[in-house]
Amino acid sequence: MDFGTILSSALASALGPTAIVYALAAIGLNVHFGYTGLLNFGQAGFMAVGGFGLAVCVVTYDLPFLVGILIALLATVVLAIILGVPTLRLRADYLAIATIATAEILRLVFGAVETKDVFGGSNGLSGFGQAFNELNPYDRGIDIGIISYRRGDLWTLTVGWSLVILACLLVWLLMRSPWGRVLRSIREDEDAVRSLGKNVFAYKMQALVLGGVFGGLGGIVLALSQNNIKGSDFSTNVTFYAYTALLIGGAARVLGPVIGAMIFWFLMTGIGSFFSQATGGSDPLIPSDIMTDTQASLVRLILVGLGLMLLMIYRPQGIFGDRKELAIDAR
């Protein structure tokens, strides 16, 4: 059992591009759920629109890279408006149903054979990150012993974590403003906010758009880190993993989604690596009669899920959250 390798892979994942993607997605969900009380179960749809928006613009329509970024983010705004107009005036569960259904529809459309000429079908699109890679200022990767990253990954990490920092700073500033205080009031009692003359629908729409843009940024980072994007990258698991990261770190906390994403992927990768080694080789630590290597790949989901259940029972506000901040706990 090589615990050094386990720790190295876990740390690399906790600080790597995957953690960045889910941190950005969870920041968006924090604006939706943590601060406004909106149940968005389709954050994967916003991520898909962001990632495919960039890829389609650059690969299919041969547009400049920066134009593709702008169009991708604009597409997330349009998606938020389309989803919000018919649902935000209704109960919260209507938004949840609409978002999860839309995310699945988008995933199927992006991966369909009928749309292969535009979205690349099941193989997706690739080759759209050349302009991004050309901006890479690093001559080589980094190796500090316990973790190492290649030159391209290091550039992705620099841009990705910079986006995370800027997103957290923006959320911190907004939530300290009168606008943010109205969002928190809507989360607690939107009827009371409406009675004070505030346009609750407009505030909800603004929050939905802002959180969707953060999700779109997460999709763009995912696409650039892989230099490939396909519909299967945005299954419903993506949204639920982002929610898990948010709940672990603590909703309605600026750094909660970021720390939660890092902890989540540290545990997922570390536990997965441990059981992979424990069931592998000619003389495995765990005999095949007890657990096979195929079963071992699922244990990490079971253990992380069990940990999340215990967290919700004994500390529902998350590791860094405040019990008073959560509307789901205050009611």
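The values are calculated or read from the model by the stated rules, or taken from the named source; none is laboratory data. None of the values given here were measured: they were computed from a predicted structure. Cβ: placed from backbone, ideal geometry, glycine included. Neighbour counts: every protein chain shown. Ligands, DNA and RNA are excluded from the accessible area calculation, which covers all protein heavy atoms including side chains. Shrake-Rupley method; radii C 1.70, N 1.55, O 1.52, S 1.80 Å.
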For the stretch 182-209 versus the stretch 1-79, the gap between their alpha-carbon centres in whole angstrom: 26
Kindly write out, for the stretch 4-14 in residue order, the coupling ³J(HN,Hα) from the Karplus curve 6.51 cos²θ - 1.76 cosθ + 1.60 (θ = phi - 60°), rounded to whole Hz, with x marking Gly and Pro. x, 5, 4, 5, 4, 5, 5, 5, 4, 6, 5
Apply the Karplus curve 6.51 cos²θ - 1.76 cosθ + 1.60, θ = phi - 60°, to the phi angles in the stretch 276-290 and return the couplings in whole Hz, x for Gly and Pro. 5, 6, 5, 10, x, x, 6, 10, x, 5, 10, x, 5, 5, 8
Counting only the heavy atoms of the protein chains, how much of Met262 is accessible to a 1.4 Å probe, in Å² to the nearest 10? 50
With all protein chains present and a 1.4 Å probe, how do Lys116, Lys198, Lys204 order by accessible area, largest first? Lys116, Lys198, Lys204
Scoring the stretch 3-314 by relative contact order with C-alpha pairs under 8 Å, at least six apart, yields a percentage of 34
Candidate residues Tyr138, Tyr22: accessible-area rank, largest first, probe 1.4 Å: Tyr138, Tyr22
Cα-based Rg and Dmax for the chain, where Dmax is the largest Cα-Cα distance (Å): 20.5, 71
Semi-axis lengths, Å, the stretch 75-153, gyration tensor of Cα atoms, sqrt of 5 times eigenvalues: 37, 20, 13
The stretch 84-112 versus the stretch 221-273: alpha-carbon centroid distance in Å: 20
Lys and Arg at +1, Asp and Glu at -1: neighbours of Asn123 with Cβ under 9 Å from its Cβ sum to +2
